[in-house]
1. For a quick check of your reading: which helices (runs of 4 or more DSSP H) sit entirely within region 267-383 and have at least 2 residues that are within 16 Å of ligand 2 (Cβ to nearest atom)?
2. In the set Gln217, Gln167, Gln208, which member is more than 23 Å from Arg50 (Cβ to Cβ) and away from ligand 1 (no atom under 16 Å from the Cβ)?
3. Just checking, how many residues over region 418-433 are surrounded by 14 or more Cβ atoms within 10 Å (Cβ to Cβ) and not hydrophobic (A, V, I, L, M, F, W, C)?
4. Of the conditions (1) under 37 Å from the mean Cα position of the chain (by Cα); (2) loosely packed, with under 13 Cβ neighbours inside 10 Å, Ala359 clears all except one; give me its number.
5. Suppose the filter is over 21 Å from Glu118 (Cβ atoms) and outside any loop (DSSP other than H, G, I, E, B); does Phe139 pass it?
6. When residues of region 125-148 are filtered for being within 11 Å of ligand 1 (Cβ to nearest atom) and either crowded, with 22+ Cβ neighbours inside 10 Å or hydrophobic (A, V, I, L, M, F, W, C) (or both), how many remain?
7. Taking region 302-349 as the search range and keeping residues that are within 13 Å of ligand 1 (Cβ to nearest atom) and among the aliphatic types (A, V, I, L, M), which one is surrounded by the fewest Cβ atoms within 10 Å (Cβ to Cβ)?
Amino acid sequence: QWTGISEELRYEIGDSNHKNWIAPLECLGITDGVVRFRAPSRFVGDWVKRTYHDQIFARLQTLACDVSRMEFIVGDPTPRAAVAAPATSKAAQGDDLQGAPLDGKYHFDNFVVGKPNELAHAAARRVAEAGPVTFNPLFLYGGVGLGKTHLMHAIAWELKAKRPDLQVLYLSAEQFMYRFVQALRDREIMDFKNLFRSVDVLMVDDVQFIAGKDSTQEEFFHTFNALVDQNKQIVISADRAPGEIKDLEARISSRMQCGLVVDLHPTNYELRLGILQRKAAQFAQSYGSIKIDDGVFEFLAHRITTNVRVLEGALQRLFAFSSLIGQEVTLDMVQDCLSDMLRSSERRVTVEEIQRKVAEHFNIRLSDMLGPKRTRTIARPRQIAMYLSKEMTSRSLPEIGRRFGGRDHTTILHGVRKVVEMRTQDTQLNEDIELLRRLLES
Ligand code: ADP
Ligand code: MG
């Protein structure tokens, strides 16, 4: 019977909501009018109760007329419903201080740290220690799919484990707004205020969302100040720096900069490689171990550069495909199986653009970059441009050579190697290169 209800709900709420919230529930049956479900976590249970209670309840009532209540229990399948029930019904009476559910996959131990995200990671770790509040707020920003949400969930998980006494509230700015609007409509604004002012740690994801939404911004500002005054930790994320969020009130953006502002830089090749290796180990647990040819990770790390989520999706598809046909993952398979992703992530940066930007940056003439001069002030930028052309475009060495005034591919290779070598010793050079890369990518 539950299966029937569950299927009906799928139509109503859509596949992905169904998959996340309804499918994981196990119906344990009905006693004394109470229908019990087992949820994989308290979050799922609470979320379902908050979001789908009425839809589920109405259907249960049509099946059995003496249904009075639903209960969600969490945990192992031994029949301990009687013990678990009081705990959940207490939660049901308590305030609804639940934020958005936390993703069980987002922990610190599976967050791969590299140069581009080490600062953000360190800051997140510090907040998760729950020591004295050192920087408030912590403001994390960076492009899509670079790990902001992952880090925030990791903080929340860690805090919950270490300090179960703390009220940790994580939610997206969109949910903040939604609740605020709901509270206004239901004339429960005092409850709303009390609720948000009573947490110990508030985490708001994607805060750029409330920019331009005036009354929500206003309320957020007050909540923010009230919590900071009580010395409660706040963690915020956004897709760009506070000062760059359009239509975000100046006083809010300046308050956001009072703590620590750190950005997640675009991933670099090494980090992507690290992430691929880590994720492959994870996928191997669900798909069984699959042989992956040499060069596959390197290829993916070169070609899928913008968004870690896409990189992950690519790998997952390869695993699924390979386990389906029972073959190892080869470079040929990658080309076939991921042709759509590879096409769309084809970099738009051209060798010519790279040459222009690099020349500009080092203040040399483009004609010199392409010409024969070999003085250091010219040869060095030229090599950097060769290196970036190799890294950022899909041109082959001979193709790049042709674009550098008809140079030989061995000259290009030499230049690329030279830069790789220098990068290990010269931090200034490293910074120049990262800067150029960011300029070119934006
Ligand atoms: P954002 O919130 O910045 O858009 P997410 O945190 O949602 O990005 O990350 C997108 C996906 O990429 C998630 O599945 C996340 O686990 C993964 N991811 C991003 N960065 C890393 C990293 N450094 N190590 C492991 N996984 C990562
Ligand atoms: Mg996010």
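1. 308-325
2. Values: Gln167 fails: more than 23 Å from Arg50 (Cβ to Cβ); Gln208 fails: away from ligand 1 (no atom under 16 Å from the Cβ).
Checking each option against the conditions leaves just Gln217.
3. Of the residues in region 418-433, the ones surrounded by 14 or more Cβ atoms within 10 Å (Cβ to Cβ) are 418-419, 422-423, 429-430, 432-433.
Cutting the leftovers down to not hydrophobic (A, V, I, L, M, F, W, C) gives us 418, 423, 430, 432.
Of the residues in region 418-433, 4 are surrounded by 14 or more Cβ atoms within 10 Å (Cβ to Cβ) and not hydrophobic (A, V, I, L, M, F, W, C).
4. (2)
5. no
6. The total comes to 7.
7. So the residue we want is Val310.
To keep it simple, each residue is scored yes or no on (1) in contact with a helix residue (DSSP H, G or I) (Cβ under 8 Å, 6 or more places away or on another chain); (2) at pLDDT 80 or above; (3) closer than 23 Å to Ala100 by Cβ.
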site: Gly4; (1), (2), (3): no, yes, no
site: Glu7; (1), (2), (3): no, yes, no
site: Asn17; (1), (2), (3): no, no, yes
site: Glu26; (1), (2), (3): no, yes, yes
site: Gly33; (1), (2), (3): no, yes, no
site: Phe37; (1), (2), (3): yes, yes, yes
site: Phe57; (1), (2), (3): no, yes, yes
site: Thr62; (1), (2), (3): no, no, no
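The values are calculated or read from the model by the stated rules, or taken from the named source; none is laboratory data. Just so we're clear, the structure is a prediction, and the values are computed from it rather than from any experiment. For neighbour counting, all protein chains shown are included, and Cβ atoms are generated from backbone atoms with ideal geometry for every residue, glycine included.
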